[in-house]
1. Out of all the residues in region A:212-225, is one or more within 9 Å of chain B (Cβ to nearest Cβ), surrounded by fewer than 22 Cβ atoms within 10 Å (Cβ to Cβ) and over 28 Å from A:Gln53 (Cα atoms)?
2. For region A:191-207, enumerate the residues that are under 23 Å from the mean Cα position of the chain (by Cα), more than 10 Å from chain B (Cβ to nearest Cβ) and not aromatic (Phe, Trp, Tyr).
3. Scan region A:131-180 residue by residue and report those that are in contact with a Lys or Arg (Cβ under 9 Å, 6 or more places away or on another chain), within 14 Å of chain B (Cβ to nearest Cβ) and not in a loop (DSSP other than H, G, I, E, B).
4. When you look at A:Ala110, is it more than 14 Å from chain B (Cβ to nearest Cβ) and under 28 Å from A:Ala348 (Cβ atoms), yes or no?
5. Which residues, counting only those in region B:115-133, are within 11 Å of chain A (Cβ to nearest Cβ) and touching a residue at least 40 places away in the same chain (Cβ under 8 Å)?
6. Restricting to region B:243-275, count the residues that are over 19 Å from B:Trp135 (Cα atoms) and touching a Lys or Arg at 6+ places or on another chain (Cβ under 9 Å).
7. Is at least one residue of region B:210-228 within 14 Å of chain A (Cβ to nearest Cβ) and not in a helix (DSSP H, G or I)?
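The values are calculated or read from the model by the stated rules, or taken from the named source; none is laboratory data. On a predicted model such as this, the values are computed, not experimentally measured, just so you know. FYI the Cβ positions are ideal-geometry reconstructions off the backbone, even for glycines, and counts take in every protein chain you see.
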Amino acid sequence: MSRFRWLAVLAFASVLALGVAACGSSSDETSSGGSSSSDLSGEIAGAGSTAQQAAQEAWIAEFENANSGVTLSYDPVGSGGGRDQFIAAGVAYAGSDAALSSEEGELEKATKRCGPGELIEIPNYVSPIAIVYNLPEVEGLQLSPETLAKIFSQEITTWNDKAIAADNPGVDLPDTRITPVNRSDESGTTENFTEYLSEVVPDVWSYEVSGDWPVKGGEAASGTSGVVEAVTAGEGAIGYADASQAGELEVAKVKVGKEFAEPTAEAAAKVLEESPLDKELSQGKYVLAYELDRETESQGTYPIVLTSYAIACTRYSSASEAETVKAYLEYVISPEGQKLAAEQAGSAPLSAALTKKVTPAVEAIEAG
Amino acid sequence: MAQVDTTTNAGQLLAAASGGRRRPGDRIFSNTATAAAVTILALLAGVAIFLVAEGLPAVTAAASELPGGKSLLDYVAPLAFGTVLAATFAALIAVPLAVAVALFITHIAPPRIALTLGYLVDLLAAIPSIVYGLWGIFVLGPAAVPVMRWLEEHLGFIPIFEGPASVTGRTMFVAGLVLAVMILPIVSAVAREVFSQTPRKLQEGAQALGATRWEMIRMTVLPFGRSSVISGAMLGLGRALGETMAVTIILSVSGAVSFNLISQANPSTIAANIALNFPESSGIAINLLIATGLVLFAITLVTNMGARAIIARQNRG
């Protein structure tokens, strides 16, 4: 027993020492980098979507590098939690995988929080969702939305099913059992994927749109990495994951119109660019909630994407807060910011046309 | 029992020697010990109050207000089932193994090997559960796939091996095995401690009467250690009931209520379900998760009380 106690003491002491060292080095940095390259200062907090976490962390690191007087934080509490905290004025900005809606009065409450300024809601993070599968000897699998829905609703159970064969003429398909893999945790990826299925093939996919996977009996894994790991491990497995995380897995092409499309960043950005605004949700000058055109037949688009929004106000009571939020969001939607997110988080950069549409919202931020 | 008597005697002797007065050292010691005990109680009460207060909104809410539109009972029942199934399966594997390991270390192995082995078993407890989880999905899971296929083929008539066998190995079977490895050191440490205290007189007496080593162990060591082994098993069961990270990572959960250990459709456990759904939950959904935590608290409490009752009966009889 006493040996364990000594170990515990040792561990505690080393943690303490590390903590002290970390504090020391960070205070050193502040003192040496005293002259900041900009006059921005203060602490800004954001919260919300876990999908945006990697991108937000990269943006914050870059932004703090350029503006040493600023401390930014992003708490990945989840989209719902982020919206709640934004409405309660607990955070200056929020990230959300779904646009604010009037269903639970969130849109009205958020607009009220920003009064007398305007509410800002702009897409800032777009990520294609890839269909990954594990079938040795079958490359470039092609799937129509109907077949995809039947596979994930467990209606099709073997790989040599007629429906899959019809999508892949001339391909020799094995009789392996299909293991559909879904997320076991609640996620925006699941929500966007089920939304795609229920909009494009409602007669095949009868389940509700939900962040919780609605079909029972499939293989479930936690997080994007868990899904990728499960598909890698199981022969005959198929799953959905952020395209950037697909790694070495084979990625299926999904039928859009007459062609089969791959989940590239350009194709994902293009579908958002071609989508109309959701009139019901876009209540406000700077509220740009897109109604993704999942049924698009336009060539070069890929409709299974996750769109995440940045939510902020045009008016903040303190000048430093307004300036910092403005500068930060300007950086986020800028080509450099979007490129950084593409590199670090595998998102699809906003197209030039879309950047042009969202820029006025960010430029409207002022103190008051 | 004999030991307890000696300590009491020594205590009385000491008290008599000091003239019956309590020394300052005694007072400080007794006060510190009392304070520690009170702190434990206060902590436990604090956790219970938190669970009840935060879980209450979900308990009183109508089913339609809860996410998924299911009542609390419908929501928590499959989770509680999964929790108990995983923990029981783990304990069924770990306890006999732990007792065997403890017997080997205390009565069979040569001293040097016994010492090393005991140290290694203790080391198992020092591995973080997330590492066990990763080991489960990267190593044990894939390795168990052919085993589970074999079980499905040859023992498929038994409901627990009904299949169809998972191709990824993220099953209740693998999760239970990993949990068994995790609780092994606790159970075996308790068993080892008590087996080594079996009175020499009894052991030598048994051997003098012509008992073989196995007969000696069966007649003296096992009965002497029985109640401690039970309480060790319950400690292990408690750990398995509450284990979160390893199960979260390994188990493929789909809410199915089934004894089938080797398929991809498994019930989730309460702790894993909280870990999986907390990050994207808000409002009443969090209250619901905390209410399930209260149920886990109750299950663990009942398990421990059951263990106490069994031990008390053993000691009386």
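1. Yes, that holds for at least one residue.
2. A:Asn192, A:Thr194, A:Glu195, A:Leu197, A:Ser198, A:Glu199, A:Val200
3. Correct list: A:Thr158 only.
4. Answer is yes for this residue.
5. B:Asp122, B:Ala125, B:Gly133, listed by residue number.
6. Here the count works out to 5.
7. no
Residue by residue, here is whether (1) more than 13 Å from every other protein chain (Cβ to nearest Cβ); (2) at pLDDT 85 or above holds:
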site: B:Asn266; (1), (2): no, yes
site: B:Ala275; (1), (2): no, yes
site: B:Ser281; (1), (2): no, no
site: B:Asn287; (1), (2): yes, yes
site: B:Ile290; (1), (2): yes, yes
site: B:Ala298; (1), (2): yes, yes
site: B:Val302; (1), (2): yes, yes
site: B:Met305; (1), (2): yes, yes
